[in-house]
Amino acid sequence: MKKLLILLMCSATMSYAQTSVNDSRKDLVSNLSSTGDYSMFTNALNVSGLSQTIKSSGPFTIFAPTDKTFEKMASSQEMGTSENKQQLTKMLSNHILTGKYTAKSIKEAIEQGKGKAEFKTLSGGTVVASLSEDNILLTDEAGHTSKVSMPDQNSENGIIHVVETAGTAK
């Protein structure tokens, strides 16, 4: 566990400014790898093997945390050894939807759901989307809430929405 966490922490950059990953000529992983702002998430995708899945034709929707946000997530979970690869894969899969969901389509689903919309994640879990002052909030099954801070970053095989920690629901 500690080895992966150390690897992930070492890959973090000192800059936490969000950088656009909007290049429809690149696949999702290449877009996320094109800047150091998402290096912990992309390293974790590589370690888990999920990077190969989301390099495929897709389309996929990824809710990608910045390094600053991922560091908060990683510190609350032990994800360092190969024995916990399954736990890491499940956690990361909760950030991925099959299909391409733009911010507009997510907001429309929220409207149709009278304030909430449920989406199935790649892991089979559920993420609930809602709105707060026109910002999309995502709440996982554990009650952790993230805010979409940079929506609609297009890729060749899907779309990336950058997320930041927004606290916990409950």
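The values are calculated or read from the model by the stated rules, or taken from the named source; none is laboratory data. Nothing here was measured: the structure is a model prediction, and the numbers come from that model. Positions of Cβ are backbone-derived with ideal geometry, glycine not excepted, and every protein chain shown enters the neighbour counts.
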Open item on the list: Considering only the stretch 125-133, I want to know if a residue exists there that is in a loop (DSSP other than H, G, I, E, B) and either in contact with a Phe, Trp or Tyr (Cβ under 7 Å, 6 or more places away or on another chain) or at pLDDT 90 or above (or both).
Closed with: yes
Over the stretch 88-118, the set of residues within 21 Å of residue 70 (Cα to Cα) and assigned to a strand (DSSP E or B) is 96, 97
By residue number, the members of the stretch 135-167 that are under 16 Å from residue 94 (Cβ atoms), over 13 Å from the mean Cα position of the chain (by Cα) and among the charged types (D, E, K, R) are 141
Taking first residues from the stretch 48-69 that are in a strand (DSSP E or B) and second residues anywhere that are of a type in the set (Lys, Arg), the pairs with Cβ under 7 Å that are 6 or more apart or on different chains are 61/100
Regarding residue 41, is this residue touching a strand residue (DSSP E or B) at 6+ places or on another chain (Cβ under 7 Å), surrounded by 17 or more Cβ atoms within 10 Å (Cβ to Cβ), within 18 Å of residue 160 (Cα to Cα) and modelled with pLDDT of 95 or more?
-> no
Residue set 30, 57; condition at pLDDT 85 or above and of a type in the set (Ser, Thr, Tyr); output residue 30
Per the list (1) modelled with pLDDT under 85; (2) part of a loop (DSSP other than H, G, I, E, B); (3) surrounded by fewer than 15 Cβ atoms within 10 Å (Cβ to Cβ), residue check on residue 83 breaks on (2)
